[in-house]
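First up is the structure itself, then whatever we jot down about it.
Nothing in this text is a laboratory measurement; each read-out follows from the coordinates by a stated rule. Please read these numbers as outputs of a predicted model, since none were measured by experiment. So basically every Cβ, Gly included, is an ideal-geometry build from the backbone, and we count neighbours across all protein chains shown.
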Amino acid sequence: MHSEKQLIPASLLPSVSPSLPHSLFLFLASIIITCILLPQRADAQLTAPDISLEAYGVVSSSGTTPFWLQSNRHGMFAPDGSHILTRFQAHGLETFGGSDGDRFTLRYGADLIARPGPSSTLSFNQGYLRLDAWGLFLQAGRFHNTSPIHDEELGMGSLGVSGNATPVPQIRVGLADWTSLPFTRDFVQIRGHMAHGWLGNRRFVDNVLYHEKIGHARIGGSFPLNLYGGIAHYAKWGGEHPELGPIPSTLKDFFRVAVAIGGDENAPPGERDYMLGDHLGAWDFGAFIELTDIQIKIYRQFPLETKDNLKLKSLQDALTGINIQFDNQRFLNAITYEFLYTKYQDGPRRPNPDTDRDSFRGNENYYNHYLYLTGWSYNRRTIGTPLFTPRENNLGISNNRVVAHHLGLNFQLIENLNTMLKVTYSRNYGNQGPADEENNPSVSLGEPFDEPKEQLSVLFGARFPITIYNNNINFISNIAYDNGRLIGNQLGFSIGISKDFR
């Protein structure tokens, strides 16, 4: 049950030796480093990286940063009103190895954020190495990670990983791009990856591990219409519970989490009977349409919170969207419309005849969990859609029953002036607790709102190049407005400059 308990300081928790999955994936990281250091040809040298420097000032009329000034920005901007930010980036790419000189591709980068103020930080938002070879990739570090299907720039954000939170440090292996199945002549293609990461501390359960695997398939080949479908699976597991102590995190437990089965006798009781860890994910279905000068992407994403969701029993709950890209247009470059509905959640809690597993069904309480009370968030931001809002005490998601309409536009008013508009209107219902707290104490109490809280959030942004003393600089400005009972009323703006050094 979600309870208002104080976190136990990490210094008072017993130490835990590195788990086998931790050691396994550190070993994989060493493979990347070895491949980098291994001389492939005598004249192999890294080229100079692309470097950029950015500086921003954010001003808000309240102690809260407007929603779209801070959301889906990879955790870079602070949530608590006016602040400044400086960002230094360096990213590079090198091909080497083999007789043709391009068998291996190495990508590397660093992204340093300095943000003084109440939510001050000096940290690497990114720091990664990636090695591509023969259609596969191996990547290690902290890097920007979003859904491979949904529109990242103009949309609300995926129900899985949206780019709202600071990137989770991880090691990932998978297919580098859409890959054709043999003998299909590109008509059937697949893409996927698997990752292991670390959610760290600053949580109710410390030292939590992260599991991710995603797989999609598309059919259609060179036809204008391609259909796709797939599934994303995420899990939080392991860690140090303030009352229960260490939660199993051996190599065997890693495989139990990967296939979503119960743990052994060392696992907490609820984790033995059903699934080890906190599992969630999404079904993805949609279509790609390629027309002359127009690309259309249609998608519908169904959240997964229990095994019953694999049977698509909550079809009402979904993120539905359409993204249209226009080539060679003078005004409108892209448009995205999305509709989010997550009120149903398998209905109210009710008796379940499958008593060996759970005496109740319904109220899946998206992003929350009875054991991992912090929920699907990282560094106090939801990892998935930012419209699900976390509690201030870092104990779960307070609002996950949402009905929202969203419009995103990318257009050019004049030459070299790129502009963007985001408008989101939502009705928010909090979350819904169990029907019988006394007989079902393992499920967190809900916080249904007495009446729906409406919220409007708007962002208008512009980016254009300017020349100062023969230096080309990008000028970036955004103005944002919130109005409603969920996150309040505020008007804010940000002004920034960026300089690229090639």
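Label point of Gln329 set 7 angstrom out along Cα-Cβ; within the stretch 117-161, amide nitrogens under 15 Å from it belong to 154-155. Residue separation of Ile51 and Asp186 scaled by 0.36 nm, minus their Cα-Cα distance, works out to 44.9 nm of gained length. Annotation: amide H-H contacts under 5 Å for Gly430 (H modelled 1.01 Å from N, sequence separation of 5 or more, or interchain): Asn400, Arg401, Phe449. Here the Karplus relation 6.51 cos²θ - 1.76 cosθ + 1.60, evaluated at θ = phi - 60°, turns the backbone of the stretch 233-248 into coupling constants of 10, 10, 8, 9, 7, x, x, 10, 7, x, 10, 8, x, x, 9, x Hz, with x for every Gly and Pro.
Projecting label points 7 angstrom from Cα along Cα→Cβ for Glu152 and Leu315 puts them 3.3 nm apart.
Classification of the stretch 18-501 by its C-alpha gyration tensor yields a rounded form. The axis ratio a/c (a ≥ b ≥ c) stays under 1.5.
For the listed residue pairs Lys236/Lys313; Lys213/Lys307; Lys311/Lys343; Lys297/Lys422, the alpha carbons are over 20 angstrom apart in Lys236/Lys313.
Less than 5 angstrom separates the built amide H of Gln345 from those of Asp317, all sequence-distant by 5 or more or on a different chain. For the pair Asn393 and Ser477, label points projected 7 Å from Cα toward Cβ lie 4.4 nm apart. For Ser119 paired with Leu93, estimate the spin-label separation in nm (one decimal), with each label point 7 Å from Cα along the Cα-to-Cβ line. Label at Ser119, label at Leu93, 3.2 nm between them. Within the stretch 115-213, the chymotrypsin sites (Phe, Trp or Tyr not before Pro) that combine a DSSP coil assignment with at most 13 other C-beta atoms in a 10 angstrom radius are Trp134, Phe183.
A dipole drawn for the stretch 18-501 from +1 and -1 charges on Cβ atoms has a positive end, and of Asn483, Ala267, Ser494 the residue lying farthest that way is Ser494. Loop-located GluC sites (Glu not before Pro) in the stretch 255-304 (DSSP state other than H, G, I, E, B) with a sparse environment of at most 15 neighbouring Cβ atoms within 10 Å: Glu265.
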